[in-house]
Amino acid sequence: MTDTTSITEETYAERARLAALLATLCPQQWAQQTLCSGWRVREVVAHMTAPFHTAPLRMLAGILRAGLSYDRYAARAARADTARMDDERLLQIVQQNLRTPWPRSAGGAVGGLSHDVIHGLDITEPLGLERVPAARVARVLGLTSPRSLAYFGVDLSGCRLVATDADAAIGTGANVPLPAHEILLVVTGRHTLAEAREREGI
């Protein structure tokens, strides 16, 4: 398989894995707060599936109304979508798009894998559900760029985060051993490095 093809297949596998987990959730779990501040599981799922239920022109108009801030638009859209769609409908959208390609405008194959893995952790970590396989997380870490670190406001000066359960490392400096998923949560601003080290007893 080509690299793009293998990345796409990883995305589809993760989407199917998450769909199976979502299908087991009760209403209280759909209402659980996630690692995305202010978003419940249902808002995260609405956001993850946005390209599958929102027309491109509607999305563009929403971004314009949000003053060209995608983050502001995404927060508004997730809340609006969960107001008009119940949890069952959101799950159906996931299930109906298990092998739908991620749009090029949203980062293509690379963007799709990163999006599904990161937001999947946003859901599974607070709920204590089975997390994404470490090797898949490592694939996302391997796609991480200085630009993405800057986007999340992460400074790894003097530290090299080394996965203890996969072949992945990010940064330069003194080695800091952490599970791959903890590294991803740090570099996406979900946890601080100090919080991750404390969680791992380092």
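The values are calculated or read from the model by the stated rules, or taken from the named source; none is laboratory data. Predicted model, so just to flag it, every value in this text is computed and none were measured. Here the Cβ positions follow ideal geometry from the backbone for every residue, glycine too, while neighbour counts run over all protein chains shown. Only protein heavy atoms, including side chains, enter the accessible area calculation; ligands, DNA and RNA are left aside. Shrake-Rupley method; radii C 1.70, N 1.55, O 1.52, S 1.80 Å.
Looking at segment 130-153 only, could you name the residues that are in a loop (DSSP other than H, G, I, E, B), out of contact with any strand residue (DSSP E or B) (no Cβ under 8 Å at 6 or more places or on another chain) and within 18 Å of P179 (Cα to Cα)?
E130, R131, V132, P133, L143
Out of the residues in segment 167-202 that are among the β-branched types (V, I, T) and in contact with a Lys or Arg (Cβ under 9 Å, 6 or more places away or on another chain), state the one that is farthest from H119 (Cα to Cα).
For segment 167-202, the residue satisfying everything is T172.
Take segment 30-45 and flag every residue that is in contact with a Ser or Thr (Cβ under 6 Å, 6 or more places away or on another chain) and under 14 Å from D116 (Cβ atoms).
Within segment 30-45, V44 is the sole residue that qualifies.
Keeping to segment 97-129, report how many residues are under 23 Å from L141 (Cβ atoms), among the charged types (D, E, K, R) and either open to solvent by less than 30 Å² (accessible area, probe 1.4 Å) or not in a helix (DSSP H, G or I) (or both).
Adding up the residues that qualify gives 2.
Give me the residue from segment 18-39 that is in contact (Cβ under 8 Å) with a residue 24 or more places away in the chain and open to solvent by 40 Å² or more (accessible area, probe 1.4 Å) and, out of that set, nearest to G189 (Cα to Cα).
L35
For (1) at pLDDT below 95; (2) in contact with a helix residue (DSSP H, G or I) (Cβ under 9 Å, 6 or more places away or on another chain); (3) under 24 Å from Q33 (Cα atoms), each residue gets a yes or a no:
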residue	(1), (2), (3)
A74	yes, yes, yes
Q96	no, yes, no
L121	no, yes, yes
G128	no, no, yes
R131	yes, yes, yes
L141	no, yes, no
Y151	yes, no, yes
P179	no, yes, yes
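Among the residues of segment 48-76, which ones are open to solvent by less than 20 Å² (accessible area, probe 1.4 Å) and either of a type in the set (V, I, T) or within 18 Å of the chain's Cα centre (by Cα) (or both)?
Correct list: M48, T49, A50, T54, A74.
Restricting to segment 134-180, name every residue that is under 17 Å from G201 (Cβ atoms) and surrounded by fewer than 16 Cβ atoms within 10 Å (Cβ to Cβ).
T164, N175
Keeping to segment 45-74, report how many residues are among the aromatic types (F, W, Y) and closer than 18 Å to T100 by Cα.
Residues meeting the conditions: 1.
How many residues are within 20 Å of S145 (Cβ to Cβ), charged (D, E, K, R) and part of a loop (DSSP other than H, G, I, E, B) if we restrict to segment 155-202?
3
Out of segment 1-17, which residues are free of Cβ contacts under 8 Å to residues at least 24 places away in the same chain and open to solvent by less than 40 Å² (accessible area, probe 1.4 Å)?
Selection gives S6 alone.
Answer with yes or no whether Q92 is surrounded by fewer than 21 Cβ atoms within 10 Å (Cβ to Cβ) and touching a strand residue (DSSP E or B) at 6+ places or on another chain (Cβ under 9 Å).
So Q92 does not fit the description; no.
Could you please find all residues in segment 106-130 being in contact with a Gly (Cβ under 9 Å, 6 or more places away or on another chain) and among the hydroxyl-bearing types (S, T, Y)?
S114
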